[in-house]
Every structure is written in C-alpha cells, then in structure tokens.
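Worksheet for the structure shown next.
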Amino acid sequence: MTTPASSEVPVHTGSTTTRLLGIAVLVGLVALILLGFFGAPKDDEQADAVRLIFVHVPSAFLTYAAFSVTAVGSVMWLWKRSVWWDLVAHGSAEIGVVFCSLTLFTGSVWGRPTWNTYWDWGDVRLVTTLILLLLMVGYLAVRSMGGDDSAVATRSAIVALIAAVNLPIVNRSVEWWFDRTLHQKSSLTDGNLEDLTLFTLLLGVVVWSLFYVWVMIHRFRVGWLERELRFGDLDLALAQRRAEAHTINDGGDR
Amino acid sequence: MWRDVVLVAGKDLRIEWRSRVTFSQVVPFAGLVLVLFGFALDANRPVLERATSGLFWITIMFVTTLAVQRSTSIETTDGARRALLLAGVEPVAVFAGKAAAVAVQLLAVELVLVGGIVVLYGAEIDSFLLVVATCLVATVGIAAAGTLLGALVAGVRARETVLPILLLPVLAPVLIGATRAFDDALGSVAVDGWAWIGMLAGFGLINLVLGALSYGVLLEET
C-alpha cells in the first residue's frame, strides 16, 4: 500500500509494478485485437458477430468479480473497520459499473443479429445484470452523498451487502417469471468453440483481468491520496489554529 | 423487546394519525396514480384489465418511497433519533417497530387501492384469500427493505432522490412476485400465485434479518 509521506507528496499514482502491468495490458490488448479480428474464424451461424464474445464474456466475468470484491471489502469494513478494504470496495464498484455497462451494451449489440432483438425481458441473465447495475449505481450514489468518511463507508457497505444478498432473489424471480432464457449454455463447457476462438476468449479474460487490476491499483492510490489530502488539510488547519492560540496567549501574558 | 416494538410502532402510527399525512396526501396520491395510468393506457379496458396487477404494485412502490421518507423524517427532525438512542431502546426493536408502522400504513393504502382497481379497471377478484396473503407477505418485505434503506439515507443531503434509486431495484423481486400472485388472484393470467407467495416470504425474511443485523450500526454510526 502506498502511503504518501507528508514531506514528499507523490505527483502520480504510477510505480514500476503498474508500468509493467500497463505494458502487459497494452501488449495483450493488441494481441487480442489481432486474434479477435483476424485470427479467430467466423461462426457458421453468427458470422462476425461472434467476435463480440471476446469483450462480452470477459466483461461479464469481471462485472461479477468486481462486485464480489466490493462485497468482500464491505464485509471487511464492517468487521475490521479497515480503510484499506473500504477503498478497495469503492474502487472495485466503480470499475464494476463500467464493466457491467459494457456487458449490457455488447450483449444488446450481439443480441440484435442473433436473437433479432436488442433486449428480451424473458432472459434471466440480462434482466439480473441490469438490476445489478442499478443496485450498484445506487451504491455509488450513496458514496457521493458526502459526510463523515466512516459513516459513508458504513452506509455504502450495507448497501453493497443488501445488493449481494438480494441479487440471488432477483435472479430466481426473473427465472420463474418467464421460465426461459435466450442465453446459450456456457460456451466453454459445451465444447462448441474452435481451438483458436477458445484461446482468444481465454486471452480476453486474462487481458481484461489484468486491465482490472491495473485500474484498481491506480484507483486505490487515488482514493488513498484523496483521503490523505482531506486529513492533511485538517491537520494543517488544526496546527494553524493552535499557532494562533499560542500567539494570542503569548500577547496576553505580556 | 416486543413491548418496545409495539411502543415504537404505536408512536409512529400515532404521529401519522394526528398529522393525517397518509390519509390526506398519500392515499389521494395513490388514487391519482391509478387514474393517470388509465389516461396513459388510453382507458382501454382490456389493456387495463391485463395490466391491473402490475399497475397496482407499481403504485404501491411509489407510495412506499413516500411512506418511508415520512417514517425517516420523523426521526431526523429535532434530533429525535438521538433521543431514541438515549432512551435505551434496542435498535432491533426500533427497526421492527418502524417497519411495522410502515407496513400498517401500506396495508391501509392497499385496501383502498384494491377498491380502486375494482371500480376503475373493472378487476374481478377470483381469490380474496390470495389477495390478502399477497398483500400481507409482500408488504412485510417492502416495509423491511424500505425501513432499512430509509435509515441508511437518513440525515444526508439529497436523501429524497437517493432513496428511490436504492429502494426500487431492491424491490424488483416483490414487483415481479406480487404482480404474478395478483394475476392469479384476479384470474387475468393462468399462473400459480401461491408459489410466488413463498418467494415473497423469502424476500421478506431475508430483509428482516438484514435490517435487524444492520439497523443498530446505522443508528449509532450515521
């Protein structure tokens, strides 16, 4: 964890680790684009639309991974009162919202040529993911309400837990509601993917996961610095008031 | 503890009874929403009959945000929340009491709205028992989730806008489940309404437990 020294305030959130990680992400993205557009073959039924799998599936995976990290971070805040975990929960929720939006967007774009519709209310995963996005937007709204740091952390941790606990009920209720899904079974387990497509998909999961870690580290450090700045300002203001008090007292003694 | 629950619920209901906010503002608002849905759907009887269950529960969701905001503001004005803490009442009892008071108000509104959908939308009730069971079980979950989230946004700026953003997605399973159960009770769609009561009960139980566990933390720290 990067703790800025009071005399030496860092001007950026980068480090050797993040730079190496960033380079790995860039190289991975280039490889993913090349393999995704030119290496992996077209699908017999879905033609080029199948290439969306290289963004859609990793985004969906990272959506649930990011929100799971938020749930764990929230539990740890409530249990240990650890600022570290609170910042992790916050950062992961923000990144999760981006991935969740990307999942829904790419899913809609993919749905048009394959299901002949941008949106289907009978699809359990689709509706559940949308509700998850709305719940996490609510989480970020609570984060932005302001107030005492500890109170904001507690409020948002409880919102994250409410979301985590209620999500399986949302999933089950939508499943019962229509009792059907347009989504295909897991492409990885049914063995329908060609070798290069499967490899590119797995590469996509790895590259997007590295990207998540890279953004997460930077977001965490930004959060930590914001916090240091707030408390640093407070300490400075207190020191100034004390100095003023001393001056007044010294003047009075004379 | 149960005595405290009754005391807190009684306090909230007494305040409501004396101020008449539920009856003079919330019930007319709910009726107005029913009328506006009629306008929006072009007063088309078959469409209204088919959509009655959903419109009923959407109206209840809107009413819930008002009832919860009202329940929360009772505690936030004049430092009443701090006084409640100092009174030594168990936070669980405060949560249960406030949720019970919200539930009673919602049930009163639901009673009026059932009359509204019969008169305005021409709904015919096939199973009164299923209507009553749905209202009771769904309202417990709505009141529990609403009271918990109401306490969560209490005392912060912009709580009026944040509460619906938080509450309405959480209540999505209730909207689905209660609508399907009502569909069966009104005979508009052939579904097993009683199966949905189980899901609604599960939702209510989970949110009651969540509220009981976290309400104390919210009262003391926020």
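Only the coordinates and a few stated rules stand behind these numbers; no lab work does. Note that the coordinates shown come from a computational prediction; the quantities given were computed from them, not determined experimentally. Neighbour counts run over all protein chains shown; Cβ positions are idealised from the backbone, glycine included.
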Restricting attention to segment B:18-55, which trypsin sites (Lys or Arg not before Pro) occupy a DSSP loop and are surrounded by at most 14 other Cβ atoms within 10 Å? B:Arg20
Per GNM of chain A with C-alpha springs under 10 angstrom, the most fluctuating residue out of A:Thr16, A:Thr63, A:Thr129 is A:Thr16
Quick one: net charge of A:Phe37's neighbours, Cβ under 10 Å, K/R +1, D/E -1? 0
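Taking the Cβ of A:Asp86 as the center, what net charge do the other residues with Cβ under 15 Å away carry, scoring Lys and Arg +1 and Asp and Glu -1?
+2
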Student exercise, the protein assembly as shown dipole from Lys, Arg, Asp, Glu Cβ charges, in Debye to nearest 20: 840
Among A:Trp224, A:Thr106, A:Gly39, pick out the residue whose Cα is farthest towards the positive end of the charge dipole of chain A, where Lys and Arg carry +1 and Asp and Glu carry -1 on C-beta, about the Cα centre. A:Trp224
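With n ≥ 4 as the cut-off for DSSP H runs, can you work out [θ] at 222 nm for chain B, using -39500 (n - 2.57) per run divided by the number of residues, rounded to the nearest 500? Present the calculation step by step, with values, prior to reporting the outcome.
Details: 9 runs with 183 residues, N = 222.
So the calculated ellipticity at 222 nm is -28500 deg cm²/dmol.
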Any chance you could tell me what percent of the C-alpha pair distances in chain A go past 35 Å? 30
Size of charge dipole - chain A - debye, nearest 20, with Cβ of Lys, Arg +1 and Asp, Glu -1, no other charges: 320
Percent of Cα-Cα pairs per 10 Å bin, from 0 to the last occupied bin, for segment A:22-84, please list those. 19, 30, 25, 17, 9, 1
Could you give the size of the charge dipole of segment B:2-221 about its Cα centre, using +1 on the Cβ of each K and R and -1 on the Cβ of each D and E, expressed in debye and rounded to the nearest 20? 560
Is there a simple number for the mean count of other chain Cβ atoms within 10 Å of the Cβ of residues in A:132-144, and what is it? 4
When the Cα atoms of segment B:2-221 are enclosed in a convex hull and the volume is divided per residue, what value in Å³ results? 113
How large is ³J(HN,Hα) for each residue in segment B:185-192, as worked out from phi by the Karplus curve 6.51 cos²θ - 1.76 cosθ + 1.60 (θ = phi - 60°), to whole Hz, x for Gly and Pro? 5, 8, x, 8, 9, 7, 10, 8
Per-residue mean of other chain beta-carbon atoms within 10 angstrom of the beta-carbon, peptide B:191-198? 1
For segment A:83-129, which chymotrypsin sites (Phe, Trp or Tyr not before Pro) pass both filters: DSSP loop (anything but H, G, I, E, B) and at most 14 other C-beta atoms within 10 Å? A:Tyr118, A:Trp119, A:Trp121
Evaluate Rg over Rh across segment B:49-140, taking Cα atoms for both radii and Kirkwood's formula for Rh. 1.11
Considering all alpha-carbon pairs of the protein assembly as shown, what whole percent are spaced by more than 33 angstrom? 49
